[in-house]
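Student: Before we start, here is the structure in question, set down as structure tokens.
The values are calculated or read from the model by the stated rules, or taken from the named source; none is laboratory data. From a predicted model like this one, the values you see are computed outputs, not experimental measurements. Here the Cβ positions follow ideal geometry from the backbone for every residue, glycine too, while neighbour counts run over all protein chains shown. Each accessible area value is taken on the protein alone, full model and side chains, heavy atoms only, with ligands, DNA and RNA left out. Shrake-Rupley method; radii C 1.70, N 1.55, O 1.52, S 1.80 Å.
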Amino acid sequence: PSIALFQLPGGQSARVRGLDFRSPQVFQVLTTHVIDSVVAFESCTFAGALTIQEVMLARDSSVSVRGCDLIVHTTAVDNPALRAEQSRIVAVDCSFRGSDLTPDGSAGAGDGIRATNSHLHLVRCLVRGGDTPTVFCFDPPGDGVGTDRGDRTWIAVSTLVGGTRACGPGGAALVNTSASPARLARTTLQPGVGTTPGPIAVGPTVADDLIGLAAPSQALTRGVAYRVDDRTD
């Protein structure tokens, strides 16, 4: 596997715009790791085929993504598009797609986002779990978003979709394994299709009055004044 590694010196940050992070060939895997760093990605694509890992891992980092697509194609194990560990994630106008399971795979399909002890803020995003194919569908499909910190999960004006499964229940749109509710505003939760629909949400959620910040078409510039317009969706 090849890794695009962002591990910056203390006090520094990086901005990456308009790049495609793709596996160059089927069995040469490319994954992006952000470790103990502050990185902003804008208008980027992260995609991989037969990957053995997620397409992006954020660990002990602050990562923002805007206008980006993160897609894991079919894999033999359950790989999320984004795996966040002890990190702060802010995503605006992005899509996330977990891995579908190969016929010879195991453990199930991947979640769109899997967050562990992390802050997760989504605005105007589409997050979808991976599917389990008919030929080998006894393992579960992926969920849209999985988190163990509902108190750090804020999702506004987004759509979360569970993965599909031909011989069992579909995936959940949202799985929150903590006792604290995840906060949702104007967000659609779609259970995955299966012999029975998947759950809309597992774990507590609460409707909250969240404000999502959508940046202008041009990048924000330090020191420049901007007007903030209040708009309902």
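Student: Would you mind telling me which residue in Leu70, Leu57, Leu19 has the biggest mean-square fluctuation in a Gaussian network model of the chain, where springs connect alpha carbons within a distance under 10 angstrom?
Tutor: Highest fluctuation among the options: Leu19.
Student: A further question follows. Which three lengths, in whole Å and largest first, does region 100-212 cover when its Cα atoms are put on their principal axes?
Tutor: 43, 24, 21
Student: Considering only the other residues whose Cβ falls under 15 Å of the Cβ of Leu57, what net charge follows from Lys and Arg at +1 and Asp and Glu at -1?
Tutor: Result for the neighbourhood of Leu57: -2.
Student: Let me ask you something else. Express the accessible area of the chain per residue in Å², computed with a 1.4 Å probe while the remaining protein chains stay in the model.
Tutor: 48 Å²
Student: Further question on the same structure: Which residues' amide hydrogens lie under 5 Å from the amide hydrogen of Phe96, considering only partners 5 or more residues apart or on another chain, with H built in the peptide plane?
Tutor: Leu70, Leu126, Val127, Arg128
Student: Run the accessible area of the chain with a 1.4 Å probe and give the carbon-and-sulfur part as a rounded percent.
Tutor: 54 percent
Student: Loop by DSSP (not H, G, I, E, B), at most 15 other beta-carbon atoms within 10 Å: where is the longest site-free stretch of the chain for trypsin sites (Lys or Arg not before Pro)?
Tutor: 1-185
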